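The values are calculated or read from the model by the stated rules, or taken from the named source; none is laboratory data. Since this is a predicted model, take the numbers as computed values, not measurements. Reconstructed Cβ throughout: ideal geometry from the backbone, glycine too, with neighbour counts over all protein chains shown. Surface areas here come from the heavy atoms of the whole protein model, side chains and all, with no ligands, DNA or RNA. Shrake-Rupley method; radii C 1.70, N 1.55, O 1.52, S 1.80 Å.
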Amino acid sequence: MNDTRIQAAYDLAKQQYGDLGVDVDGALKTLATVPISIHCWQGDDVGGFESAGGEIGGGLAATGNYPGKARTADELRQDATKALSLVPGTHRFNLHASYGDFEGRQVARDEIRPEHFARWIDWAKSLGIGLDFNPTFFAHPRATSFTLSHPDTDTREFWIRHGRACRTIGAAMGKALGTPCVTNLWIPDGMKDSPVDRVGPRQRLIESLDTIFKDPINRAHNRDSVEGKLFGIGYESYTVGSHEFYFGYALTRQLLYTLDTGHYHPTETITDKLSAVFMYLPEILLHVSRGVRWDSDHVVVLNDDLEAIGQELVRGDFVRRTHIGLDYFDASINRVAAWEIGTRNMLKSLLKALLEPSAVLRQQETASDLTGRLAMQEEFKALPWGAVWDYYCARAGQPARSSWLAEIKQYENDVLSARS
């Protein structure tokens, strides 16, 4: 690091935080151990690389037509490499099953195998990062209103085979890379209008899930997680895999449970859910998104909701028990920049929480000094955490402040602009 201004600002900030009992060096050491799993689907608008498929569907929609999206797995890896190269720390990459290297061949979803992701594994190994995985239960002719809860046995069994194949792929990734792959299962199953039978689909879903998860897999290689949702476009009245359904399933089967920040009522946040869920489960998967009026998957910004998540993870000592992944897709802006903005903001929220003088706040709360607690929380907002962030980036050899944007724009000029 050769920027004396960044060093000087950091030295002053460290002194200010130290006066309040905050170990700044310890906070940075902890932050450096937290991997963020960056999601493949931001890079190509949830398209994937199958030779045959359909619209995204499943209650999902990517909007915008900014030029330069990845058209092949090689281009996506190139873009992801660029994004990862500008973020401090060692992170992960999160793949959907539809993103294999199928080499132009049509491979049925229930026939995908680890060899279709061998190049992804080699790529991750070259960067020293881990991979995470997701079955793709949408954008397919057999993904209508129902998949794993479908009343048709043949259709249901097709998707069961897909889920089982994806667990095998996740385990292969984890074994090859030496870090557990989190394989997250989410289905879009539901109905646009109110159903007469809410029970039948859920009974079928339980049977399907039990079949998918019946074979044990070494947890050193793969961790299974299930994800609920409030609703999706075209599934406004009934979602088979609701929050209550999947939390109960994860609890009784001892799987990870996925909390997605966009999968609840627009006025409902997940901050309070974290400590409640951690009372019963040792680990969770956290998908960080930003909904605007609905589960619209906007790029993550450093707003009150994100800061509250960081605070809860740190205050509750949940950071090491949480697998953090991003989940959004904005096609209206530079897609590589969207990765960069979201990843940096997630890290910033954790850093701000790690720098919080929580000991002071806890003392006031224990003493029922709620006035003092509120006053100090507001005063702490003005502390120079930004100087610590700049130092963290510079020390890691990464662009500080907004200087990363110049590199992204140059990459757009040199690489993305050549794509039709």
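The table below lists the values:
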quantity: Scattering curve values for the stretch 58-146, log₁₀ I(q)/I(0), Debye with Cα scatterers, q = 0.19 Å⁻¹; calculated: -1.06
quantity: Which of His91, His116, Ser145, positive extreme of dipole for the stretch 69-165 (C-beta unit charges); calculated: His91
quantity: Reachable aspartates and glutamates, given that their alpha-carbon falls under 16 Å from the alpha-carbon of Lys352 and they are not under 8 places away in the same chain; calculated: Asp23, Asp25, Asp304, Asp305, Glu307, Glu312, Asp317, Glu378, Glu379, Asp390
quantity: The stretch 1-125 - Rg (one decimal) and Dmax (whole number), Cα, Å; calculated: 20.5, 62
quantity: In degrees, nearest ten, helix 118-127 long axis to first principal axis of the chain (Cα); calculated: 10
quantity: Probe 1.4 Å, accessible area per residue of the chain, Å²; calculated: 43
quantity: Listed peptides 215-227, 386-398 by packing density, highest first (mean Cβ within 10 Å); calculated: 386-398, 215-227
quantity: Percentage of interatomic Cα-Cα distances in the chain larger than 29 Å; calculated: 46
quantity: Cα long-axis angle, helix 370-380 against the chain (0 to 90 degrees, to the nearest 10); calculated: 90
quantity: Per-residue HN-Hα couplings for the stretch 13-29 [Karplus 6.51, -1.76, 1.60; θ = phi - 60°; Hz; x = Gly/Pro]; calculated: 5, 4, 5, 4, 5, x, 4, 9, x, 8, 8, 5, 4, x, 5, 5, 5
quantity: Average Cα contact separation per residue, the stretch 58-195, under 8 Å, 6 or more apart, as relative contact order %; calculated: 29
quantity: CD proxy at 222 nm, helix term only [per DSSP H run n ≥ 4: -39500 (n - 2.57); per residue of the chain; nearest 500]; calculated: -13500 deg cm²/dmol
quantity: Candidate lysines - alpha carbon under 22 Å from Lys229, same-chain residues fewer than 8 apart omitted; calculated: Lys192, Lys273
quantity: Carbon and sulfur %, accessible surface of the chain computed with the full protein complex present, 1.4 Å; calculated: 50
quantity: The stretch 194-222 and the stretch 299-335: distance between their alpha carbon centers, rounded to Å; calculated: 28
